[in-house]
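The values are calculated or read from the model by the stated rules, or taken from the named source; none is laboratory data. Because the structure is predicted, anything quoted here is derived from the model rather than measured. Here the Cβ positions follow ideal geometry from the backbone for every residue, glycine too, while neighbour counts run over all protein chains shown. Each accessible area value is taken on the protein alone, full model and side chains, heavy atoms only, with ligands, DNA and RNA left out. Shrake-Rupley method; radii C 1.70, N 1.55, O 1.52, S 1.80 Å.
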Number of protein chains: 2
Amino acid sequence: MTSLLLLSLGHGAVPGFLADHAPADRALTIGYVPDAARADAGAAWTVAERDRVVALGHAVVDVRLTGSDAATVAAALDGVDVLYVAGGNTFALLDALRTSGADVVVAERVRAGLPYIGCSAGSIVAGPSTEPATLMDDPAEAPGLTDGRGLGLTDAVVVPHADGKLPPYPLELIGRTLDRYGSDHELVPLCDDEALLITGPGWKVVESA
Amino acid sequence: MTSLLLLSLGHGAVPGFLADHAPADRALTIGYVPDAARADAGAAWTVAERDRVVALGHAVVDVRLTGSDAATVAAALDGVDVLYVAGGNTFALLDALRTSGADVVVAERVRAGLPYIGCSAGSIVAGPSTEPATLMDDPAEAPGLTDGRGLGLTDAVVVPHADGKLPPYPLELIGRTLDRYGSDHELVPLCDDEALLITGPGWKVVESA
């Protein structure tokens, strides 16, 4: 059972998601993937995001992808109950996933049941393509990235910050993004007080004697 | 809102599906697509299937695809509230959809809200690929068919009659089908008293302030 919570900014839906989808029989450890902000390490907003995750009251361990490899990431994921993929630059994050081989490992683990929480770039990268992030994030942060496919954990491509309240993402930029990429992708615009909850394939087997 | 009910054989889930997804403000007209059984027209099992649809108590009009064209099918669909795509040979059905141009018309209408009921071949063809039907149905019934893609209305490929109770589809054939195609397709085996209910993309936007 695939369980994902894709945030735009606000964390309000996280405690309920953990209660519903994380193991209930032990203290939780959250794996924190910081790589989307690797060019901004130490910036106030990156520290603030990690602090908000720590404030949830669970153990938090960093799962850094850049410079790592698939085996190391796999071993790290063995020790976490939930994965939290933080925000930043979508292409930097995808590059970190791809070059480490973590893309395959993460997708396999999430498909096998590891709950996934994304925020902003971490939400976008869960979809089938990162192309719709091109206007919002600078692809030049990952010059070696040639394959824009995301993790493919959902058909939806989140467009975070769709209410235009975060200064780097004004409404006109959101509008251009929806206009340019809306016909080729299943875009789901999320306001900063919204999240996308994905808990299944969209179907169920029913009786029909 | 996409609404599909994909049957294996039993019709038990149909009345509830119609109550939930068909227009409630008028008598219903069901469009009946018979083309999967075009090589078996008049056979007892094809007559029995149509009789079961008639027995639902709504008006039933045939929407024949073979020899038709996209404009004619589109006009016919204007007059129906629900589409019922009957069983038979999956490849004959797909060939009828493709050569008439109805594949595009039907997919558009269903994505726009026309409720779709499939049965057996009509269920398989709603998925992204008909390849998993290769052992169960004879592709030779549609020798001109070169493109095996289905309507793509769901990611699931139904494997009907998975309880092996229908004589043409013994359990060993179901087993070989799951074994051969299970790794490349999202197979959903359905017993004859089950159906697959598809009513959305598998996600919902939730509050997260």
**Asked** Which of the following residues is closer than 27 Å to A:T199 by Cβ and more than 14 Å from every other protein chain (Cβ to nearest Cβ): A:R50, A:R64?
**Response** A:R50
**Request:** Would you confirm whether any residue within the stretch A:17-36 is open to solvent by 70 Å² or more (accessible area, probe 1.4 Å), over 20 Å from A:L197 (Cβ atoms) and within 16 Å of the chain's Cα centre (by Cα)?
**Result:** no
**Asked** Name the pairs: first residue in the stretch B:63-80 and within 22 Å of B:R50 (Cβ to Cβ), second residue assigned to a loop (DSSP other than H, G, I, E, B) and of a type in the set (S, T, N, Q), Cβ to Cβ under 9 Å, at least 6 apart or on different chains?
**Response** B:A76/B:S68
**Request:** Answer yes if at least one residue in the stretch A:73-83 is out of contact with any Leu (no Cβ under 8 Å at 6 or more places or on another chain), outside any helix (DSSP H, G or I), at pLDDT 95 or above and open to solvent by 30 Å² or more (accessible area, probe 1.4 Å), and no otherwise.
**Result:** yes
**Asked** What pairs can you find where one residue is in the stretch A:144-169 and open to solvent by 30 Å² or more (accessible area, probe 1.4 Å), the other is aromatic (F, W, Y), and their Cβ atoms are less than 6 Å apart, with a gap of 6+ or different chains?
**Response** A:L145/A:F91
**Message:** With the structure loaded, tell me whether B:G87 is part of a loop (DSSP other than H, G, I, E, B) and at positive phi or whether it fails that test.
**Reply:** no
**Message:** Can you find, within the stretch A:170-188, the residue that is most open to solvent (accessible area, probe 1.4 Å) among those that are within 30 Å of B:T154 (Cβ to Cβ) and aliphatic (A, V, I, L, M)?
**Reply:** A:L178
**Request:** Kindly indicate whether any position in the stretch B:21-43 is within 22 Å of B:I124 (Cβ to Cβ) and without any contact (Cβ under 8 Å) to a residue 40 or more places away in the chain.
**Result:** yes
**Asked** A:R111: touching a helix residue (DSSP H, G or I) at 6+ places or on another chain (Cβ under 9 Å) and either touching a residue at least 12 places away in the same chain (Cβ under 8 Å) or open to solvent by less than 20 Å² (accessible area, probe 1.4 Å) (or both), yes or no?
**Response** no
